[in-house]
Amino acid sequence: MTHVAAQSAESPPGPASAATRSRWSLLAVIGIAQLMLQFNSNVIVIALPSAQHALSMPDNIRAWVLGIYSLAFGGMLMAGGRIVDRLGRKRSILGAMVGFVIASAVGGAAPNSTVLIVALALQGAFAAIQNPAQLAILSTSFTDAEQRAEAFSVYSLINMAGGTLGFLASGLITSYLGWRWCLYVSVPLGLVATLGAVLCLKEGPVGERKPFDVPGAVLVTASMLLVVYGLTEAGKSGWGHSGPVSLLIAGAVVLIAFVVVQLRVKNPLMPARVFWDRNRGGANLVMLLISMQILAMNLFLTYFAQNIQHYSAARTGLTFLPLTAGLMVTNSLMGRIAPKVRPRVLVLLGMLVYALAYGLLTQVRSGSSYFTSFLPALVLMGLGLGCMVAPLYSAATKGVDPGDAGAAGGIVGTARQMGAALGLALFNTIASISTRASADSHPHASTVAATVHGYNVAAGWSAAVLMAGALIGALLINAPKPG
């Protein structure tokens, strides 16, 4: 015992260096896995027109193909977090990676839209187990303030840039290999990540085998499905019909039932001790509001580029590179800045810059130049996201008990994915209604002008939501400087 204590007290550089290398190897494995998930979240957007033509897909099915991954991902994330806590991080992430690879192969070979939707839903479900496992490993492996800031900066860069790279790669893949390869590409990425996980990951503490909150998982998923379906129907038929309103009311009732269940069951998916912490709750709310914009605006920009500006799929993917550049600039600085600044300052600054980007998009017209209209907005998006996402992930998972690490990761992931699905439905509805209203009030104007007007209105509402998020972040996130 004395010999062991002496060795520990001396803290020789060799073992410490080995431990540091081990942590960064973990980050590399997690980064590859997260790149695969985020790549897949956007890769279908640019490939969708080709897939729709190849599979003779009706227009009303198109929205489900685009949103089902995020919906399944978000709906299952809190359940995924609890699975991680019960089964262990390594076991959970390995099983989920294998399942994701198989689902990707099935989606690439899909003979019709039904099989494609099922495959994308399965991808989302397996991603919902991987994501909280990744965050649990990060939050428990990087406890030093400076290393934690660096790790979450790298993770957030991959998180955001991975989606943008999905746009770039899917444009090139669709143009030169075909849309199916946009799904097949996840197979080699997943196999590399699985091998890395086998070699680098060690099993963490496994929670007690408590009863699983099946009612909670069903209710939260059902509520989001009802809300997204209601918003989608409103976009097609308008608010004058009772169907969309009834669906939204039903979704709200089911969501209230979910909250009641979480307060009463012994082992909830969303433990109050995790979510109701002021900083963690604030970070999750802000993450939801940020994520509402991303998928919807990416879709609008894609269709604007291809259908109005007549860009090729490859050129459309290239237009998103400035967003990635902005992310890389701010993330390269976050590892040094975040330990010295209160998270609220970074979140507020990032939200305001991000809102400004959407404000610029309200001024875009059908003949606008890419360099004077889109380029500044995309750069500002990247700068804003890079500034706030890493502090939000850190705040949303910091200070939880190891047994709740998976649940904390599941909650912030749910906020991100559900925000994406809800935002897609909401802003698509706003754009559709505004487009119809513009066409009705200006019957002699072109269809293109009405469509662009719809995009402008949706961008304005996005900026307003982000300003509200900035206020929420300023009021709720009051954590001190990490360092």
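Can you tell me which residue in the stretch 249-282 is surrounded by the fewest Cβ atoms within 10 Å (Cβ to Cβ), limited to those that are outside any helix (DSSP H, G or I) and of a type in the set (A, V, I, L, M)? Show your work before the answer.
Within the stretch 249-282, the first condition is being outside any helix (DSSP H, G or I), and the residues that meet it are 265-271, 276-277.
Now restrict to residues that are of a type in the set (A, V, I, L, M): 265, 269-270.
Numbers: Val265: 14, Leu269: 26, Met270: 24.
Step by step, filter the stretch 249-282, then rank; the result is Val265.
Could you say whether any residue in the stretch 381-388 is crowded, with 18+ Cβ neighbours inside 10 Å, of a type outside the set (Ser, Thr, Tyr), in contact with a helix residue (DSSP H, G or I) (Cβ under 9 Å, 6 or more places away or on another chain) and over 22 Å from Ser70 (Cβ atoms)?
Among the residues of the stretch 381-388, at least one is crowded, with 18+ Cβ neighbours inside 10 Å, of a type outside the set (Ser, Thr, Tyr), in contact with a helix residue (DSSP H, G or I) (Cβ under 9 Å, 6 or more places away or on another chain) and over 22 Å from Ser70 (Cβ atoms), which makes the answer yes.
Within the stretch 328-344, track down each residue that is surrounded by 17 or more Cβ atoms within 10 Å (Cβ to Cβ) and within 13 Å of Asn478 (Cβ to Cβ).
Answer for the stretch 328-344, where residues must be surrounded by 17 or more Cβ atoms within 10 Å (Cβ to Cβ) and within 13 Å of Asn478 (Cβ to Cβ): Pro343, Arg344.
Could you check the stretch 175-195 and list, in sequence order, the residues that are over 23 Å from the mean Cα position of the chain (by Cα) and either within 23 Å of Val29 (Cα to Cα) or buried (at least 16 other Cβ atoms within 10 Å of the Cβ) (or both)? Break it down into steps so the answer makes sense when it comes.
Looking only at the stretch 175-195, we keep the residues that are over 23 Å from the mean Cα position of the chain (by Cα), and these are 175-178, 195.
Ser175, Leu195, listed by residue number.
Based on what the data block shows, is Ala459 at pLDDT 85 or above and open to solvent by less than 50 Å² (accessible area, probe 1.4 Å)?
yes
What's the total number of residues in the stretch 432-456 that are of a type in the set (Val, Ile, Thr) and open to solvent by 40 Å² or more (accessible area, probe 1.4 Å)?
Going residue by residue through the stretch 432-456, those that are of a type in the set (Val, Ile, Thr) are 433, 435, 447-448, 451-452.
The next check asks that each one be open to solvent by 40 Å² or more (accessible area, probe 1.4 Å); those that pass are 433, 447-448.
Residues that pass the stated criteria total 3.
Each row is one residue, and each column tells you yes or no for (1) more than 18 Å from Ile44 (Cβ to Cβ); (2) touching a helix residue (DSSP H, G or I) at 6+ places or on another chain (Cβ under 6 Å); (3) among the hydrophobic types (A, V, I, L, M, F, W, C); (4) open to solvent by less than 10 Å² (accessible area, probe 1.4 Å).
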{"site": "Phe100", "(1), (2), (3), (4)": "no, yes, yes, yes"}
{"site": "Ala103", "(1), (2), (3), (4)": "no, yes, yes, yes"}
{"site": "Ala119", "(1), (2), (3), (4)": "no, yes, yes, yes"}
{"site": "Ala128", "(1), (2), (3), (4)": "no, yes, yes, yes"}
{"site": "Pro132", "(1), (2), (3), (4)": "yes, yes, no, yes"}
{"site": "Gln147", "(1), (2), (3), (4)": "yes, no, no, no"}
{"site": "Ser153", "(1), (2), (3), (4)": "yes, yes, no, yes"}
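The values are calculated or read from the model by the stated rules, or taken from the named source; none is laboratory data. All figures in this text were calculated on a predicted structure; none of them were measured in a lab. Neighbour counts run over all protein chains shown; Cβ positions are idealised from the backbone, glycine included. For the accessible areas, the whole protein counts, side chains as well, though only heavy atoms, and no ligand, DNA or RNA atoms are used. Shrake-Rupley method; radii C 1.70, N 1.55, O 1.52, S 1.80 Å.
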